[in-house]
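Provided herewith is a single structure, encoded as structure tokens, for subsequent inquiry.
We did not get these values from a lab; they are worked out from the coordinates using the rules stated. None of the values given here were measured: they were computed from a predicted structure. Glycine also receives a Cβ, built like all others from the backbone with ideal geometry; neighbour counts cover every protein chain displayed.
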Amino acid sequence: MLKVDPIPLAGEWREGYALDLHTSKALFLGYNQYDRPEFDTTYTPIGKLLHDLKYSNDRKPLFPSWRLPSRSSRSGNGTLISTRKRF
């Protein structure tokens, strides 16, 4: 399970939160051949998920492997039976 540390956000809304910080450390390495800055970045767990989603299109960690089953997969006594979702 992913641990989050909600951070209250002030703004023109009733209530808002960020789930956590995106990075915990970023060390400037210099400029690349295109004159763009490069960093050695350490991400928080949720920041790593967002980075991987944005740059690697890795969506698997965002969706739990357990989901609510359809009505037809309920057991006879009303207990829900877990089903594994495939990607």
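Among the residues of region 1-14, what is the count of those that are farther than 12 Å from I46 by Cβ, of a type outside the set (A, V, I, L, M) and within 21 Å of the chain's Cα centre (by Cα)?
Here the count works out to 1.
I'd like the full set of residues that are among the acidic types (D, E) and under 28 Å from K60 (Cβ atoms), limited to region 1-18.
Residue satisfying the conditions is D5 alone.
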